Amino acid sequence: MIIGLLLAINIAKAQEYKLYPPVLKGKLSFEEVLAKRRSVREFKKSPLTLEEVSQLLWAVQGITDPTRNLRTAPSAGALYPLEVYIVIGEVKDFPQGVYWYIPQEHKIQKVKSGDVREKLAQVALGQVWVKEAPVVICISAEFERTKRKYGQRALRYVYLEAGHAAQNVLLQAVALGLGGVPVGAFYDEEVRRTLGLAENHFPIYLIPIGRR
């Protein structure tokens, strides 16, 4: 019994991966990043690195004030209903799969193994850039987290927050010499099943990212 329990704990730990600390000073000015931001739908056949993935995930929902648990994007009531997943298809020396981002510990936890990009593209109305990008970030939300305080206005607040987070990661991609495109056209429930999202996590954005 004890051996089995220890084995289960070790397997669980093996499914979590600590990310690289965020870099807080880039090579481009903020104004340059804004000027260069474009929706990019064609990507080079080149994998990303875990360092780049770490920076992208920090940009979308990373912690910027550990004392107050504040993040890179504003949130109504600091309730932070967004949940971020990343589909890893081509990241150097890193296993393919779907991972859930845990901002408080700046790490990712495996949700599903294998390359799901082709299936994800199918449920995103056949948009080929979804399957051709090395990674796809999924911004989802637990709406109840905001609804408990703000009632009917929660829907507005959550979608506003998702927009803030999406722009953050798109600008970060430019700063890294990458490109991305926000995708909102997909079958919600099929995306949730394909990625293995928690039942109360509803997808809002898919953001394919790769080398320009």
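Residues that are under 26 Å from D115 (Cα atoms), in contact with an Asp or Glu (Cβ under 7 Å, 6 or more places away or on another chain) and not basic (K, R) are absent from the range 153-174. Does L24 qualify as being at negative phi, modelled with pLDDT of 95 or more and surrounded by 14 or more Cβ atoms within 10 Å (Cβ to Cβ)? Answer is no for this residue. Scanning the range 113-139 for residues that are crowded, with 17+ Cβ neighbours inside 10 Å and either in a strand (DSSP E or B) or modelled with pLDDT under 95 (or both) gives V135, V136, I137, C138, I139. Going by what's in this entry, would G177 be described as small (G, A, S), at pLDDT 95 or above, loosely packed, with under 15 Cβ neighbours inside 10 Å and within 18 Å of V60 (Cα to Cα)? For G177, the condition - small (G, A, S), at pLDDT 95 or above, loosely packed, with under 15 Cβ neighbours inside 10 Å and within 18 Å of V60 (Cα to Cα) - is met. Of everything in the range 12-59 that is of a type in the set (G, A, S) and in a helix (DSSP H, G or I), the residue that is farthest from Y101 (Cα to Cα) is A35.
Take P182 and decide whether it is under 19 Å from L48 (Cβ atoms), surrounded by fewer than 22 Cβ atoms within 10 Å (Cβ to Cβ) and in contact (Cβ under 8 Å) with a residue 12 or more places away in the chain. It is true that P182 is under 19 Å from L48 (Cβ atoms), surrounded by fewer than 22 Cβ atoms within 10 Å (Cβ to Cβ) and in contact (Cβ under 8 Å) with a residue 12 or more places away in the chain. Residues in the range 101-133 that are in contact (Cβ under 8 Å) with a residue 24 or more places away in the chain and at positive phi: 2 in all.
Tell me which residues, restricted to the range 61-76, are surrounded by fewer than 18 Cβ atoms within 10 Å (Cβ to Cβ) and either touching a Gly at 6+ places or on another chain (Cβ under 8 Å) or under 14 Å from Y159 (Cα atoms) (or both). Once the filter is applied, which keeps residues that are surrounded by fewer than 18 Cβ atoms within 10 Å (Cβ to Cβ) and either touching a Gly at 6+ places or on another chain (Cβ under 8 Å) or under 14 Å from Y159 (Cα atoms) (or both), the range 61-76 yields P74, A76.
Yes/no per residue for (1) over 17 Å from I209 (Cβ atoms); (2) touching a residue at least 12 places away in the same chain (Cβ under 8 Å); (3) touching a helix residue (DSSP H, G or I) at 6+ places or on another chain (Cβ under 8 Å); (4) not hydrophobic (A, V, I, L, M, F, W, C):
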residue	(1), (2), (3), (4)
L50	no, yes, no, no
D65	yes, no, no, yes
Y80	yes, yes, yes, yes
Y85	no, yes, yes, yes
E90	no, yes, no, yes
Y99	no, yes, no, yes
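Matching residues to (1) aliphatic (A, V, I, L, M); (2) closer than 14 Å to N168 by Cβ:
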residue	(1), (2)
L28	yes, no
R38	no, no
L57	yes, yes
P66	no, no
W129	no, no
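Condition check: aromatic (F, W, Y), more than 21 Å from E199 (Cα to Cα), at pLDDT 95 or above and surrounded by fewer than 17 Cβ atoms within 10 Å (Cβ to Cβ). Does Y159 satisfy that? Criteria not met by Y159.
Matching residues to (1) in contact with a Leu (Cβ under 9 Å, 6 or more places away or on another chain); (2) farther than 23 Å from I63 by Cβ; (3) aromatic (F, W, Y):
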position: K119; (1), (2), (3): no, yes, no
position: V130; (1), (2), (3): yes, yes, no
position: T146; (1), (2), (3): yes, no, no
position: V181; (1), (2), (3): yes, yes, no
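The values are calculated or read from the model by the stated rules, or taken from the named source; none is laboratory data. On a predicted model such as this, the values are computed, not experimentally measured, just so you know. Virtual Cβ from ideal backbone geometry, glycine too; neighbours counted across all protein chains shown.
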